[in-house]
Amino acid sequence: MAVNVRLATLSRRRGALLVPTLLLAGLTAATLPLALTGEGAAALVGDPETHAAAAPPPAAGTATVKAIVDPYLRIQEALSADSLDGIKDAARRIASEATTLGSSGGTIGSAAGEIQQADDLKAARAAFGTLGDAIMTYTRASNASVGDGVNVAYCPMVRKHWLQKGTRIQNPFYGKGMLECGRISASLPALTK
């Protein structure tokens, strides 16, 4: 994100106050003094409207994790109820949102695509495990929050984590057959590929 800084200087010729705008995108505290001296300073000074048009686009990964977690939770709820209703639409939304994450969203989008292709509960649950791992890995790496009231749960039978609303276990891997199998975890797991 570009930061505009205005520095006030007095012009001796006109007696007017000149306020140049500095574009400080990509600069750190260590490189700022270097940019403000010599040729680097000339590139930073300018009209804010000119720089606004030339400002870089938002960095990949600015999409909210919430936009991915919300449809994921709908899939989790459906699988917990032994249902496939709405999971393909939710997976399509996740895949679409994952594209806004840049290369980091590739694994999420791929796993969401597997859910879209699932024709039965067994295939959907397997793909759901992969999707959950991808979302939790991204969330942990980006220091993002999964959202208010969303907890990490763990099933020791399938050795898989998932996200869910609330603290009452709703196991998507076994559904109604073992709905309460699992426990709430204190934090996002450190998953390995």
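The values are calculated or read from the model by the stated rules, or taken from the named source; none is laboratory data. The structure displayed is predicted, hence computed values, not measured ones. Every residue, glycine as well, gets a Cβ built from its backbone with ideal geometry; the counts of neighbours run over all protein chains shown.
Residues Ser110, Ser104, Ser83, Ser96: which one is surrounded by 14 or more Cβ atoms within 10 Å (Cβ to Cβ), over 21 Å from the mean Cα position of the chain (by Cα) and either modelled with pLDDT under 90 or hydroxyl-bearing (Ser, Thr, Tyr) (or both)? Step through it out loud before you land on a result.
On the way: Ser110 fails: over 21 Å from the mean Cα position of the chain (by Cα); Ser104 fails: over 21 Å from the mean Cα position of the chain (by Cα); Ser96 fails: over 21 Å from the mean Cα position of the chain (by Cα).
That would be Ser83, the only listed residue that is surrounded by 14 or more Cβ atoms within 10 Å (Cβ to Cβ), over 21 Å from the mean Cα position of the chain (by Cα) and either modelled with pLDDT under 90 or hydroxyl-bearing (Ser, Thr, Tyr) (or both).
Of all residues in segment 160-176, how many are free of Cβ contacts under 8 Å to residues at least 24 places away in the same chain and more than 18 Å from Gly149 (Cα to Cα)?
Residues of segment 160-176 that are free of Cβ contacts under 8 Å to residues at least 24 places away in the same chain, as a first pass: 166-169, 174.
Remaining after also requiring more than 18 Å from Gly149 (Cα to Cα): 174.
Result for segment 160-176: 1.
In this structure, is Val158 within 17 Å of the chain's Cα centre (by Cα), assigned to a loop (DSSP other than H, G, I, E, B) and not charged (D, E, K, R)? Don't jump to the end; show me each part of the working.
Numbers: within 17 Å of the chain's Cα centre (by Cα): no; assigned to a loop (DSSP other than H, G, I, E, B): yes; not charged (D, E, K, R): yes.
Judged against the criteria, Val158 is not a match.
Could you please find all residues in segment 106-136 being closer than 17 Å to Ala67 by Cβ and in contact (Cβ under 8 Å) with a residue 40 or more places away in the chain?
Matches in segment 106-136: Ile108, Ile115, Leu131, Gly132, Ile135, Met136.
Report, by residue number, each residue of segment 115-135 that is aliphatic (A, V, I, L, M) and not in a loop (DSSP other than H, G, I, E, B). Talk me through it step by step, then tell me what you get.
If we filter segment 115-135 for residues that are aliphatic (A, V, I, L, M), which is where we start, we get 115, 118, 121, 123-124, 126-127, 131, 134-135.
Matches in segment 115-135: Ile115, Leu121, Ala123, Ala124, Ala126, Ala127, Leu131, Ala134, Ile135.
Taking the options Leu101, Leu163, name whichever one is over 22 Å from Tyr174 (Cβ atoms) and among the aliphatic types (A, V, I, L, M). Break it down stepwise before answering.
On the way: Leu163 fails: over 22 Å from Tyr174 (Cβ atoms).
Only one candidate qualifies: Leu101.
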